[in-house]
1. Name the shape class, rounded, prolate or oblate, that the alpha-carbon gyration tensor gives for chain B, where a ≥ b ≥ c are the square roots of its eigenvalues, rounded holds for a/c under 1.5, and otherwise prolate holds if a/b is larger than b/c and oblate otherwise.
2. Calculate, for B:Val200 and B:Asp10, the FRET efficiency according to 1/(1 + (r/R0)^6) with r their C-beta to C-beta distance and R0 30 Å; round to the nearest 0.05.
3. Treating the angle as unsigned and between 0 and 90°, give the value, to the nearest 10°, between the Cα long axis of helix B:214-227 and the longest Cα principal axis of chain B.
4. Compute the long axis of helix A:138-150 from its Cα atoms, compare it with the longest principal axis of the Cα atoms of chain A, and write down the angle in degrees, 0 to 90, nearest 10.
5. Roughly speaking, what is the stretch gain from A:Arg309 to A:Ala268, that is 0.36 nm per residue apart minus the C-alpha to C-alpha distance, in nm to one decimal?
6. Go ahead and run the numbers for FRET between A:Arg290 and A:Asp153, Cβ-Cβ distance against an R0 of 35 Å, rounding to 0.05.
7. For region A:326-349 and region A:153-180, what is the centre-to-centre distance using only Cα atoms, to the nearest Å?
8. Please give every one of the aspartates and glutamates within straight-line cross-link reach of A:Lys110, meaning a C-alpha to C-alpha distance under 13 Å, and leave out same-chain neighbours fewer than 8 residues apart.
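Coordinate-derived values only; no laboratory data. Everything quoted here is computed from the prediction, not taken from an experiment. Heads up, the Cβs are rebuilt from the backbone with ideal geometry, glycines too, and the neighbour counts pull from every protein chain shown.
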Amino acid sequence: MIRIDSVTKRYPDGTVAVDRLSLEIPDRSITVLVGPSGCGKTTTLRMINRMVEPSEGTILLDGADIQQQPVNTLRRSMGYVIQNAGLFQHRTILDNIATVPRLLGWGKEKSRARARELMERVGLDGSLAKRYPYQLSGGQQQRVGVARALAADPPVLLMDEPFSAVDPVVRKGLQDELLRIQDELGKTIVFVTHDIDEAVKLGTMVAVMRTGGHLAQFAPPAELLSHPADAFVEDFLGADRGIRRLSFFPSAGLRLQTAPIVAVDATAEQIAAHDTADAPYLLVTDPNGRPLGWSEPRDLTAGQIETGRLLPYGRPFMAGTDSLRAALDCAVLSPTGWAVAVDAEGRATGVVSQQAIGEAIRGAHAERRTDDTAQKVAP
Amino acid sequence: MTELFDMPSDLQHSYLGLVALHLREALIPVLAGLLVALPVAQLCVRVRWLYPPLLWVTTVLYAIPSLAFFVVLIDYTGLSETTVMIPLAVYSLVVLVPAIVDGVRSVPQETLAAATAMGFGPLRRYVQVQLPIAAPAIIAGLRVASVSSISLVSVGMLIGNEGALGNLLNSGLSYNQPRLVWLSVVGTAVLAVLVDALLVVLRLLVTPWMPRGNRKNTRTRAVKEAAR
């Protein structure tokens, strides 16, 4: 565990970057430091590997003061990933990744074998090994940066806005990849970002910091969204925190209806059978069960369904895996106000109305409240 | 054909001998300059305020005419090659120090931060990260310094006939032989071009990591093919 104990960083000109900060960073999880620029989050991160020395206070790594360790030994035991990757432009991808093993005195062959292993782990094609950084895209460079940080298998990974400089699509890919790698490796990750969405998505624990180096709140993301500590945190979370909080509610509890689903090759009797009073629209699927679009029952004539004239169904959600947020988004996107649930193969498994989703949300809130009360009573 | 390269006996060298002497007198000072410039430049990078006054000093040294340098140096090193090479080495500093300082400073901040964070000590970081990335700028400086040094060696003729191809030029003028003048002038120019070309090749060899502008080439090729 990394324990930051009332640490202050004051610069010679009197600026206070971090003010009596205390944090306990749990092992084998992602702790995100988030806040506006000038809140001291990067300074805090850099104090953990002593690139910045604190003016007051101590930082303990597994109970030992980091000041007592030789600085380069400490740094080699912590992976470090930064914005724009900071790759060595004069070394090949393989040699970039092998940097820390080489510094630790591993042989050339062993280091390179390890580097190849890591390229695979972060999803880089082996054919890139002999390339130079300028030949890679921003996203690929960032993956190399992550691989390089993991090369010597350090227990701690420090990440300083690693995904800020890539476009949103690539960023999402990198975030998912990080979560997958973390599932496999279980590192103690300290992650700095100014993007609250990224913090909520990645963090097991999120530390919100405010200008002047103060800690505003330290909590799991779901608690942050439901109970912001003060107006600053609430403001920082943004206007739609209610919607975003739905990301933490599973869609598994939704009551899916299968009645309003008909196949495109259905007979007149089948269409009539599906035309029930509580669903004003029918979802038409292809013969394999994949959704095609919505239609009013009276517009459907057996054998003459024109798929081009169906109403769009928006973006379906994965029943069970996706959150209530995805389900609600789907229902809002669809002009019929109904969301389509699909399985992994993309086959429609059911449909659900906005109203039913609303009920599920109210139910989930009630459940959380009971949980919260239970937690408060327990200790 | 052999007569073309016949040398007057007072030069005491064959043509190739003169060329070799010329190269030595031109390039040893550049190498010596590089050895001095490397630590000096690193000092300028670390101690920022030192750079402007140091640049000022090297520029003033560059402005001193070589002849004046020779007059002072003759008292210490006599009428020798060393007397010619010392000013040349000093002159090379005015090009090399800024080249190295700019090269080292051009290393991106995040690259340096990454190196530090991975546990590079200052010396290792300088040798393994900063210098290799500064190599193109340093070699660009070496090109200018070498070429100017090759042209300046001829002045050595003024002190005890230590000007190599410069002596040949002097002989050609005094014996009224245009052949010798041509051999001297063309020889010096060819040397300069060859050394420059070698340094370009060296840069290509040590910087496989630099973008080569392949895209532009393929585009030109495509345009040419389309024109056909």
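1. Oblate.
2. Calculated value: 0.20.
3. 80
4. 50
5. Values: separation 41, 0.36 × 41 = 14.76 nm, distance 1.86 nm.
Full extension from A:Arg309 to A:Ala268 adds 12.9 nm.
6. It comes out at approximately 0.20.
7. Spelled out, the Cα-based centre of one part sits 29 Å from the other.
8. Partners found: A:Asp95.
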